[in-house]
Amino acid sequence: MKTAINRSTTETTTGLVHRTATHLTARNDSLVALEASLQRLDAYAQARGAVNLRIDAVQSALEAIDDMSSALSVDLMNATASAHAVTVDTLARDSATRFEATVGLLNGRLAERALFAGRAEAGPALRPAQQILDELQTVVAGAVSAADVETLAGAWFDDPAGFAAFAYLGGDAAPGIPVSDTDNVAVPVTAADPALRDTLKGLAMAALLDRGALAGLDAQRKDLAARAGQVLFAAGSDRTMLAASLGVVADRLDRIGTQGAAQRSGLEIARVGLIGVDPFASATRLQEAQRQLESVFAITARMSRLNLMDFLR
């Protein structure tokens, strides 16, 4: 009776048969195939969740970088209208601070994996900000005009032997990972992306002013600040496009997730069809087994109280 109650209780609460192998006999292979498919769909769902978390982290970093750069670009472009050299000095210090913060954001990590280092996700995407500025300061040493600084700095950032070889420590864009039977999805954003490289270029040009670039040449310092602002401003549209491309990937993941949920629902229905039980019949069996067990207990208790006088009566 206890065994029957346990079996009926399990079937009533789960809606599934107590022993699938005994219930299915020859159809057990079908159940194995269904459960393997369900496990595969669960793995894809976990992969989509991981990619979504990565996209969110990258988008948050890009948003912070854009906020810092957009506001600063306008102030820098307006530097030539100021009559005070101290204004440029203040903007230079602010630019150096924001350059360091931007490098920090691009060196961000999620679950011990670098966000902007591509395949080389074990280490940072960029060298420390001060090391990059040290190298760039050497590159522009001897420049006597804002145009010279912009040319030299621009060439270093664009030259594969410059920024890409010295400052960028990451690798190529990471490959896609399977998120369904037919889809691979990647987050192909690295710190070497032109939009981010140009942003760093504009910030670095202005930060060089904080290191004494064009010292004593107030007009040229204002001009360099304005040129740095223009570089930052021009990179703004590219940063927007970069963020939009991640939005497209996120939308695609949502569609794939919807399809995966529909597939899983269909497989669950098929699984219940194989090993499901009628809940009403199972509840009825449970009640009957409980009633029979109660009868056994009652009879046993009554027999245990029998004595000779009760028997003779």
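The values are calculated or read from the model by the stated rules, or taken from the named source; none is laboratory data. Since this is a predicted model, take the numbers as computed values, not measurements. Positions of Cβ are generated from backbone atoms using ideal geometry, with glycine treated the same way; all protein chains shown enter the neighbour counts. Protein only, heavy atoms only, side chains kept; ligands, DNA and RNA dropped before computing areas. Shrake-Rupley method; radii C 1.70, N 1.55, O 1.52, S 1.80 Å.
Taking the criterion of being without any contact (Cβ under 8 Å) to a residue 60 or more places away in the chain and more than 15 Å from L208 (Cα to Cα), the residues of the range 88-106 that qualify are A101, G104, L105. Given (1) under 21 Å from S237 (Cβ atoms); (2) assigned to a helix (DSSP H, G or I); (3) of a type outside the set (D, E), identify the lone condition not met by F116. For F116, the failing item is (2). Consider the range 125-164. How many of its residues are over 16 Å from D198 (Cα atoms) and outside any loop (DSSP other than H, G, I, E, B)? Within the range 125-164, residues that are over 16 Å from D198 (Cα atoms) and outside any loop (DSSP other than H, G, I, E, B) number 10.
Scan G247, G229, G273, G257 and give me the residue that is small (G, A, S) and modelled with pLDDT under 90.
Answer to the selection: G273.
Residues in the range 201-222 that are part of a helix (DSSP H, G or I) and surrounded by fewer than 14 Cβ atoms within 10 Å (Cβ to Cβ): D218, A219.
Among the conditions (1) farther than 30 Å from G247 by Cβ; (2) in contact (Cβ under 8 Å) with a residue 60 or more places away in the chain; (3) open to solvent by less than 20 Å² (accessible area, probe 1.4 Å), the only one that A153 does not satisfy is (2). Just one of A122, A57, A47 is outside any helix (DSSP H, G or I) and either farther than 30 Å from G212 by Cα or of a type in the set (D, E) (or both); which is it? On inspection, the qualifying residue turns out to be A122.
Within the option set G229, G257, being more than 24 Å from T97 (Cβ to Cβ) and either in contact (Cβ under 8 Å) with a residue 60 or more places away in the chain or not in a helix (DSSP H, G or I) (or both) holds for one residue only, G257. Taking the range 167-195 as the range and being surrounded by fewer than 17 Cβ atoms within 10 Å (Cβ to Cβ) and not in a loop (DSSP other than H, G, I, E, B) as the test, the residues that pass are I177, P178, N184, P194.
Count, please, the residues in the range 68-87 that happen to be over 27 Å from Q131 (Cβ atoms) and touching a residue at least 24 places away in the same chain (Cβ under 8 Å).
So the count comes out to 6.
All conditions but one from (1) over 13 Å from G202 (Cα atoms); (2) open to solvent by less than 60 Å² (accessible area, probe 1.4 Å); (3) of a type outside the set (V, I, T) apply to S70; the one that does not is (1). Specify which of the listed residues (D198, D134, D158) is without any contact (Cβ under 8 Å) to a residue 60 or more places away in the chain, open to solvent by 70 Å² or more (accessible area, probe 1.4 Å) and within 19 Å of L242 (Cα to Cα). Result: D158 is the single residue among D198, D134, D158 that is without any contact (Cβ under 8 Å) to a residue 60 or more places away in the chain, open to solvent by 70 Å² or more (accessible area, probe 1.4 Å) and within 19 Å of L242 (Cα to Cα).
One residue stands out in the range 74-113 among those that are outside any helix (DSSP H, G or I) and among the charged types (D, E, K, R): the one that is surrounded by the fewest Cβ atoms within 10 Å (Cβ to Cβ), namely E112.
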